[in-house]
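One structure is given here, and the rest of the page talks about it.
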């Protein structure tokens, strides 16, 4: 089923063209903790990722993002990048999902609390 979806759509997995290009010219570089696999061409002119699961760009960690965009040449699978103490671990973008942030009193909360510090504007 996944193969048929990749023939017809691009939002379920890599397309057939990407799959063939990866098979012919791709050199596997590494894999991240989410199972995404990273590739490059032999001359390192192109770099790309094939996602495990939904292809969502926010699932790529900052280390691999920098490598994909030629910000640095060191591959995060071979050489661990230095992080400073205030950096938090990478998380996916949860916007539009059940795990998205919603402030107190928001209509998106399961049980919104009544706010007493707010008065709705009433026209005169």
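Once both labels are positioned 7 Å from their Cα atoms along Cα-to-Cβ, the gap between residue 15 and residue 85 label points is 4.8 nm. Each of the peptides 90-99, 39-48, 58-67 was scored by the mean count of other Cβ atoms within 10 Å over its residues; in descending order, highest first, they stand as 58-67, 39-48, 90-99.
With the Cα gyration tensor of the stretch 19-79 giving a ≥ b ≥ c as the square roots of its eigenvalues, does the rule (a/c under 1.5 for rounded; else a/b larger than b/c for prolate; else oblate) give rounded, prolate or oblate? In terms of gyration-tensor shape, oblate.
Give me 84, 37, 27, 49 ranked fewest to most by other Cβ atoms within 10 Å of their Cβ, as a rough exposure proxy. It would help to have the intermediate numbers written out before the result.
Details: 84 5, 37 16, 27 13, 49 21.
By the 10 Å Cβ count, ascending, the order reads 84, 27, 37, 49.
Listed from fewest to most Cβ neighbours within 10 Å, the set 68, 16 follows the order 16, 68.
Quick note: the coordinates plus some simple rules give every number you see, no bench work behind them. Computed from a prediction, not measured in an experiment: that's the story for all the values here. Positions of Cβ are backbone-derived with ideal geometry, glycine not excepted, and every protein chain shown enters the neighbour counts.
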